[in-house]
Amino acid sequence: MTSVVSHKDSPTTPTFDEIYQEQARYVYNLALRMAGNPADADDIYQEVFLRVHRFLNTYRGDGLKTWLRRITVNVFCTQIRKQQRETPEEEVGSELSTVEGEPGTLLDAQELGEKLAAALNSLGTVMRAAMILRGVEGLSYQEIADLLEIPVGTVRSRLSRARLQLLSRLAGPA
Amino acid sequence: MSCAPFQELLSAALDGELNSAEQAQLDQHLADCSACRSLQERLRRLETGFAHLPEASPPPLRSRATIAPAPAKQGSAAGAAAIWSAVLAAAASAAVLFWNPTGPAPRGSELYFSSHQLLQQHPPEQRLAVSEFRSPPLHGKVLDHGQLAFEIHLDSHQRACKDLQLEVQYDFDGDGQVDRSEVYEAFDTDDKEGWEVYTRRHGPVSQQGEMKDFVGGTLACRLKNASGYLQLRQGNSRLVLPYHLGV
């Protein structure tokens, strides 16, 4: 009778347990793709659920994934700002001449996904985050700009450069 | 004409983020440029990869135990109760046991216990996974003649837990050294379902070191001899530190 049972504030407010059970995979994979490595992803994921626990009473029931995504990106941004103070990120340029070749023509979808995951890891942190928020999460440039706190024009130019770099990586030797 | 300016347009077009003038400009260029048409095709193929990125299983949540000031003075206990929701009929009577009813109300700053390990719903035979709680960095002045008070709401379910003891360790300056420690009188839980409250009845049974101001140091609380499926009720379990924290 004293188990941690489900309890609802209102029909639209899920319990922490429900959120954890249903969304842990989503949060972790979003963190993993943005961070690019399991250690940082784990830190982000743990912090996200601490915040979910702490701020669940402020959740207004207006889209759980949107809320979790916002928390995850906020934690991610806090982490990269801290890391960039320690080791500033180098932005790598890209040229059209580096994207010759026919990447993906012989790859099936799963193979393309795996190679793309590896190629994403070669991007700079912010570029990768923007690419994930667009390519996986399907957000608009304005939404990405708001989440990452960068200008819309920067989102657009970084996504373009990110794609060219990804093509270049996929075209190159594995 | 250089294709470089059109690369960004190609990317933005893929995302549906071009205005009509830009789209017209791009269309005109694509009509004349086979290299950019080829790039457009490759970019489209690239997009299909995002739906097939490999997925990883999330790791378990780490054991994270803290004692920290309540986030909002009024809403904290209610909020925590809503989250943890392990509310029993017995809790109402347990609340009567708050502190020592004949003594003065404890003075100082409140810190609430919080343990994320309780989410994991341990099987009954497992030891309490979290028995140590650590505060974030604290700053504050010690109150004259103040003394620490605590109430820890516990339920060990159908297994009694004997000789539970609260040990409090102070690291006043955050150098990692324990500057003061206090161990309080032991408490036994019963073997019945329902919340019980472990409070300070007497002074510490042992103590070492002097009380000092907190200068970025931390407080650690340990429940010694905690065993079994011991649940700690959050939102109610708290310390009152004889400090004016946050100065």
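The values are calculated or read from the model by the stated rules, or taken from the named source; none is laboratory data. Given the structure is predicted, the values throughout are model-derived calculations rather than measurements. Remember, those area values only see protein heavy atoms, side chains included, never the ligands or the DNA or RNA. Shrake-Rupley method; radii C 1.70, N 1.55, O 1.52, S 1.80 Å.
Before moving on, here are some points about what is shown:
- Applying the Kirkwood pairwise sum to the alpha-carbon positions of the range B:4-52 produces a hydrodynamic radius of 11.1 angstrom.
- Area accessible to solvent at A:Thr66, 1.4 Å probe radius, in Å²: 70 Å²
- Area accessible to solvent at B:Ser206, 1.4 Å probe radius, in Å²: 60 Å²
- Carbon/sulfur fraction of accessible area - the range A:16-86, other protein chains in place, 1.4 Å, %: 46 percent
- Between chain B and chain A, the total buried accessible area stands at approximately 5100 Å², from heavy atoms with a 1.4 Å probe.
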